[in-house]
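The values are calculated or read from the model by the stated rules, or taken from the named source; none is laboratory data. On a predicted model such as this, the values are computed, not experimentally measured, just so you know. Here the Cβ positions follow ideal geometry from the backbone for every residue, glycine too, while neighbour counts run over all protein chains shown. Ligands, DNA and RNA are stripped out before the accessible areas are found, and what is left, the full protein with its side chains, is counted by its heavy atoms. Shrake-Rupley method; radii C 1.70, N 1.55, O 1.52, S 1.80 Å.
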Protein chains: 4
Amino acid sequence: MYNLLKGKKGLIFGALNDKSLAWKVAERAYEEGAELVLTNTPVSMRFGEINELAEKCNSIVVPADATSVSDLEMLLDKTTAHFGGKIDFILHSVAMSLNVRKGRTYDDLDYNYLNKTLDISAISFHKLLQTAKKKDVINEWGSVVALSYVAAQKTLYRYNDMADAKAMLESIARSFGYIYGRDKKIRINTISQSPTLTTAGSGVKGIDGLMDFSERMSPLGNATADEFADFCITLFSDLTKKITMQNIYHDGGFASMGMSYKAMKMYNQALNNSINSDEFSD
Amino acid sequence: MYNLLKGKKGLIFGALNDKSLAWKVAERAYEEGAELVLTNTPVSMRFGEINELAEKCNSIVVPADATSVSDLEMLLDKTTAHFGGKIDFILHSVAMSLNVRKGRTYDDLDYNYLNKTLDISAISFHKLLQTAKKKDVINEWGSVVALSYVAAQKTLYRYNDMADAKAMLESIARSFGYIYGRDKKIRINTISQSPTLTTAGSGVKGIDGLMDFSERMSPLGNATADEFADFCITLFSDLTKKITMQNIYHDGGFASMGMSYKAMKMYNQALNNSINSDEFSD
Amino acid sequence: MYNLLKGKKGLIFGALNDKSLAWKVAERAYEEGAELVLTNTPVSMRFGEINELAEKCNSIVVPADATSVSDLEMLLDKTTAHFGGKIDFILHSVAMSLNVRKGRTYDDLDYNYLNKTLDISAISFHKLLQTAKKKDVINEWGSVVALSYVAAQKTLYRYNDMADAKAMLESIARSFGYIYGRDKKIRINTISQSPTLTTAGSGVKGIDGLMDFSERMSPLGNATADEFADFCITLFSDLTKKITMQNIYHDGGFASMGMSYKAMKMYNQALNNSINSDEFSD
Amino acid sequence: MYNLLKGKKGLIFGALNDKSLAWKVAERAYEEGAELVLTNTPVSMRFGEINELAEKCNSIVVPADATSVSDLEMLLDKTTAHFGGKIDFILHSVAMSLNVRKGRTYDDLDYNYLNKTLDISAISFHKLLQTAKKKDVINEWGSVVALSYVAAQKTLYRYNDMADAKAMLESIARSFGYIYGRDKKIRINTISQSPTLTTAGSGVKGIDGLMDFSERMSPLGNATADEFADFCITLFSDLTKKITMQNIYHDGGFASMGMSYKAMKMYNQALNNSINSDEFSD
């Protein structure tokens, strides 16, 4: 639409299907004139949908395990070979917790699972950056963005060990942002996005309590995946060259709210009912 | 109980009645061995209850308008005269918004009222510190505490211009904390306290929605006025000499929460009801 | 360059001369296709340079005192009349401290000056927003940006009462951002910009210590006024619709740094010298 | 001195020698009336100094590897057996980075070392809390404190992967603080302490650049180990029951400073010299 990424080359991690944030970012980046390489885990390839995206965006797909340095080396080699040059922007949208999946609560973590959570959701980001810097494959004033969530700063029921992984991810963005900025003028930021409905999340009832609360707390409402993609484009563009080492909230205002009228009104309904019926205990 | 403030001399602003935070602080400071001077506005004297407190704490009451530099000069002179020496600690618990009282919403502020809100709730703190520094009436390693609220950082429905005043108050604590620390080794902090029931707040229904939400969000529950006093004592004591320019949350964990199980459960009750009855619009 | 603001109408406060951040923003916004109205104080008109800018940007200049509600009403009326429609974006770059100008230190503030600092640098922002909301002159999904500085959160020697004003300004952005977002889908943010050389700042020696420190601390170096303008454009565009109630650092990474190699190296030079010469006292 | 911990039972991790923060905390806690159990790694026992401390504090030493759940189980069993009851407070002062020790820079991390850094410096804290909760060995209203550093939020040259570990540590304090608070009324906080001279740090020159910078930036100067112990005592006492899920800065004001007069003066000396001698490049 604006040619904001004309001539730029980008690498996108984490597009699984058309509900993925990374999928939307790839589509928007392509619209804005970027050349792309897509990557995801070998396992996720089985679903095959990423190939549709690749076709749409005239890009290639390189399967790679983001926790494997050798896979990342291979990925970056293939990417620069495909582009015939260095990379301008990268989206890291990679996260998974076996503790969450297997229903382990935070006071009953499996520590092998925790190591996996950290390796996949945080350390993979460091491995990507370190491998890219050693190979010197990102152009000066390049931009790297990773996906975070407000749970990195505020505790949300059931977010579990992913909260700790996101806190570490944001720290890596700062720590590496300092070094990569100083040495190569490359900026690194994270975006803290509203909760968004994904394949896994779209259950029968259709509306999840936390998403509803978040919607009513946020003066502008929850941010959608399309809106996430729009914002991501600005961070990849040349218009934000001096923004680095930050976590920016793209959440309709949620992170700056303590309590909204709309959420309080809903809450009070339950409160009034429970008082009337003497169910005040918990 | 512990003699934590034995031999220390303190000045307490803002004790109105036995529900006031400042009242509890005075009681606890006295228990811990401190000598006290109490102050409040001339108007608040009419209610007379502060004289009970003074008697209980073997202290005097000096009426003073905290927004008047000449009143503050008089107050500090009388205080040091009474003590026969310098002051060791001060509590500033002074806040008022005519916009809130008169029901002006935040998008319909009266700017004369706003100026009063700022003068009473924030600038009075600077006036107190500047007057005290000029008169050099606080002992080295003295401690000054002002009362803040989480609204200084996160927006809460209806907290109105008091949020801006508290943000400014916390900034004054930092700005003056730097100078007073550097020049006289005096520390300045704010405490962000849970909402507490006060005379004004204790309405008919007895339970306010926000206090209930806050109670369920905070893993340890809302902090009481007595607990506030306990914490305040530690900040006045010699055990916290190197803590300065900070806002510390004394709130049972509220400020670090994004969503708790207990609050979500209550919220979901309303959500489920409203979905059933098609009242989802708002 | 990208037509990011094509068809949008913007009001710019604070362009004084071609060193002003607001000046650069006006130029860039015009390049990106926006129609503009410029405003500044009647006094600043005397210097006349803003008329050059207006000519360049094909805009008009409306002198107005940003602390006067009636002036703001007049300004908004003339602006919408000129546009023949509502406003899409506003830049508030208005700040002044007589305490700083007159050399009053922070522990010797003149309280009339302080009131002026607050009125000009913070309350004017509320007045603008309240007046705009009452007149309903900003389009849905409009964007308002005000200029802040890291001193709002961290104390910097000599920043004086401007630190408190900026803290209040950021609070106003949150407080009003909630209401304006909820009611009209309008977003409000502040940008915390690197120190930039202005007319006043460009002294004889040419390099100021704090700017040098800031340059060496920031991995990407200080952000320039041109870069500020670039970033501002993205916040005015349709690509950042769900970002609100935030302060974003546009500072080359400064705000996320505790200590850099480059700054430490410079500091150590002095340290080593002063140790050698027994000048360690201070 | 005050009997603040009379009748309380505490477990202290990380006392190595009389320069250790944990050593000072043990001494102060004992003075305040607490019964103690000390623990450290089996390797650190070789130095033998901890036995002196144990004798002084009338406590026992239980060697344990804090990264081993079975060692932690054994440790907690022996501790409660020794006390004949539950624990009231715990200090976690455990951190180590092989990347730092072996001189690996942050853009050349060894990932096995990183895993060790995380396991020792962050995950060990979760393992301790999870094991304690499963065994239910902490009394209601017990207090757990872990040692952090400002690098968790701001990047400091050479702090390396320890910054990421501390960010994760603070997240664990929040995440587990929520659950342990909700279920058992136990509070969990971290203290961000000034840099302090340790055995390793006390080199020939005697003054480290960062410590000098920190000293001059902090209005109250760097906090000492003795002062750390004093503050720690207040967090273990009954006076701070509603403080949880927080990181509190015990640093003389450093974390709230952007630039001080004293640090700027020193910096400017170098700046002026380097300008004079044309050494401005870097």
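Observations on the model:
- Solution diffusion estimate, µm²/s, Stokes-Einstein, the protein assembly as shown, Kirkwood Rh from C-alpha pairs, 10 °C, viscosity 1.306 mPa s: 52 µm²/s
- Of the trypsin sites (Lys or Arg not before Pro) found in region B:58-129, the ones in coil according to DSSP and having at most 15 other Cβ atoms within 10 Å of their Cβ are B:Lys102.
- Backbone amide hydrogens, once placed in the peptide plane, bring C:Ile60 within less than 5 Å of C:Leu38, excluding anything fewer than 5 places away on its chain.
- Long-range amide H partners of D:Lys8 with built H, under 5 Å: D:Glu35
- Mean partner shielding of peptide D:211-219, defined as the number of other chain Cβ atoms within 10 Å of each residue Cβ, is 5.
- Accessible surface of region D:210-276 [probe 1.4 Å, protein heavy atoms]: carbon and sulfur percent: 46 percent
- For region B:9-279, the dipole from Cβ point charges (+1 on Lys and Arg, -1 on Asp and Glu) about the Cα centre works out to 600 debye, to the nearest 20.
- Here the 3J(HN,Hα) profile of region A:51-66, calculated from phi with Karplus coefficients 6.51, -1.76 and 1.60 at θ = phi - 60°, is 5, 4, 4, 4, 4, 4, 9, 6, 10, 10, 10, 10, x, 7, 8, 5 Hz, Gly and Pro shown as x.
- Under the combined filter of DSSP loop state and at most 13 neighbouring Cβ atoms within 10 Å, region A:1-53 retains these chymotrypsin sites (Phe, Trp or Tyr not before Pro): A:Phe47.
- For region B:242-272 and region C:1-64, distance of Cα centres in Å: 44 Å
- Within 10 Å of the Cβ of each residue in C:179-186, the mean number of Cβ atoms contributed by other protein chains is 5.
- By the compact-protein rule of thumb, 2.2 N^0.38 Å, the alpha-carbon radius of gyration of region B:9-279 corresponds to a ratio of 1.05.
- Solvent-free Debye scattering, log10 I(q)/I(0), computed from the Cα coordinates of region B:63-149 at q = 0.16, 0.22, 0.23, 0.24 Å⁻¹: -0.67, -1.04, -1.10, -1.17
- Residue-normalised accessible area of region B:9-279, expressed per residue, 1.4 Å probe, Å²: 34 Å²
- Across region A:9-279, the relative contact order, built from alpha-carbon pairs under 8 Å that are at least six residues apart, equals 18 percent.
- Computed from backbone phi, the HN-Hα couplings of region C:126-143 come to 5, 4, 4, 5, 5, 5, 5, 5, 4, 7, 6, 9, 10, 5, 3, 6, x, 9 Hz, rounded to whole numbers (Karplus: 6.51 cos²θ - 1.76 cosθ + 1.60, θ = phi - 60°; Gly and Pro given as x).
- Positions from region A:220-234 whose accessible area shrinks by 30 Å² or more when the full protein complex is built, not the chain alone, probe 1.4 Å: A:Leu220, A:Glu227, A:Asp230, A:Phe231, A:Thr234
- Apportionment of accessible area to carbon and sulfur, region C:43-128, percent (1.4 Å): 47 percent
- One Cα centroid belongs to region D:104-175, the other to region A:107-172; the line between them spans 15 Å.
- Helix A:21-31 vs. chain A, principal-axis angle (Cα, 0 to 90°, nearest 10): 50 degrees
- Long-range amide H partners of A:Thr41 with built H, under 5 Å: A:Ala64
- Rounded to the nearest 10 degrees, the inclination of helix B:225-236 to the longest alpha-carbon principal axis of chain B is 40 degrees.
- Buried area at the C:B interface is about 2900 square angstrom, summed over both chains, from accessible surfaces computed with a 1.4 angstrom probe.
- Mean projected area (nm²) of the alpha-carbon convex hull when region B:1-123 is viewed from all directions: 8.2 nm²
- Tilt relative to chain A, helix A:161-184 - C-alpha long axis, 0 to 90 degrees, to 10: 30 degrees
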